[in-house]
């Protein structure tokens, strides 16, 4: 499952691709390695209009997963959209898109190591987005941090296509490649929106890097 991705395109490109009207992300630097619980940009619907903002990667865990634990670092990838735990966040007001330029899956090697393999839509890493959900939640994510209220997000996964499946057969993120797909995910009735929970066609992705915990492609605006 995808627990590492990059977003190296600038805010203007993200706003144009997602049709965000407000930008509350501050001064967003290139993020060549976004890890779980990191703050990263999302685009979501708000009463005043669509906005680009920051949130922490990892939605609240189901109750059964927290038994005996003092913290909830969150769930980064969501597959079972029929689960009551996730279904509550599938309404339009809880959907978001997560801009990215590349993402990684870990390849299990014969020696037991698991180096990341980075995928993108092409070598020049054009902007795309994961279909995500978000919520504002109060919890203890880290003991040293204590209880915090934060905006959290995760993104949907689905079956792997040929390229991702060669490295990680179980799943790949749900990827939106056009502004029209972003619009569908953010505004359509849930049955129509969930038709996007499908793998990209085989041949849609290329491997752009291997082995590094960051995808060091040059940032562009």
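The values are calculated or read from the model by the stated rules, or taken from the named source; none is laboratory data. Please read all numbers here as calculations on a predicted model, not as lab measurements. Cβ atoms come from the backbone with ideal geometry, glycine included; neighbour counts cover every protein chain shown.
Summary of values
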| item | result |
| --- | --- |
| Per-region count, the range 189-198, residues over 14 Å from residue 130 (Cβ atoms) and free of Cβ contacts under 8 Å to residues at least 60 places away in the same chain | 4 |
| Test: residue in the range 6-18 that is part of a strand (DSSP E or B), without any contact (Cβ under 8 Å) to a residue 24 or more places away in the chain and out of contact with any helix residue (DSSP H, G or I) (no Cβ under 9 Å at 6 or more places or on another chain) | no |
| Selection within the range 30-53 - without any contact (Cβ under 8 Å) to a residue 24 or more places away in the chain and out of contact with any strand residue (DSSP E or B) (no Cβ under 6 Å at 6 or more places or on another chain) | 47 |
| Positions within the range 162-210 being in contact with a strand residue (DSSP E or B) (Cβ under 7 Å, 6 or more places away or on another chain) and assigned to a loop (DSSP other than H, G, I, E, B), in sequence order | 167, 168, 171, 174, 177, 197, 198, 199, 200, 205 |
| Whichever residue in the range 119-150 is in contact with a helix residue (DSSP H, G or I) (Cβ under 7 Å, 6 or more places away or on another chain) and over 17 Å from residue 164 (Cβ atoms) and, among such residues, is surrounded by the most Cβ atoms within 10 Å (Cβ to Cβ) | 134 |
| Residue ID - modelled with the lowest pLDDT, chosen from residues in the range 59-78 that are over 20 Å from residue 34 (Cα atoms) and touching a strand residue (DSSP E or B) at 6+ places or on another chain (Cβ under 7 Å) | 70 |
| Total residues in the range 165-187, condition surrounded by 13 or more Cβ atoms within 10 Å (Cβ to Cβ), in contact (Cβ under 8 Å) with a residue 24 or more places away in the chain and over 16 Å from the mean Cα position of the chain (by Cα) | 5 |
| The range 24-47: number of residues that are within 16 Å of residue 182 (Cβ to Cβ) and assigned to a strand (DSSP E or B) | 4 |
| Residue within the range 93-109 that is out of contact with any strand residue (DSSP E or B) (no Cβ under 7 Å at 6 or more places or on another chain) and under 14 Å from residue 133 (Cα atoms) present | yes |
| Those residues of the range 151-164 which are over 15 Å from the mean Cα position of the chain (by Cα) and surrounded by 16 or more Cβ atoms within 10 Å (Cβ to Cβ), in sequence order | 160, 161, 163, 164 |
| Any hit, the range 56-78, residues being over 16 Å from the mean Cα position of the chain (by Cα), touching a residue at least 40 places away in the same chain (Cβ under 8 Å) and closer than 21 Å to residue 99 by Cα | no |
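Quick grid of which residues meet (1) closer than 23 Å to residue 91 by Cβ; (2) surrounded by fewer than 18 Cβ atoms within 10 Å (Cβ to Cβ):
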| position | (1), (2) |
| --- | --- |
| 10 | no, yes |
| 15 | no, no |
| 35 | no, yes |
| 41 | yes, no |
| 61 | yes, yes |
| 69 | no, yes |
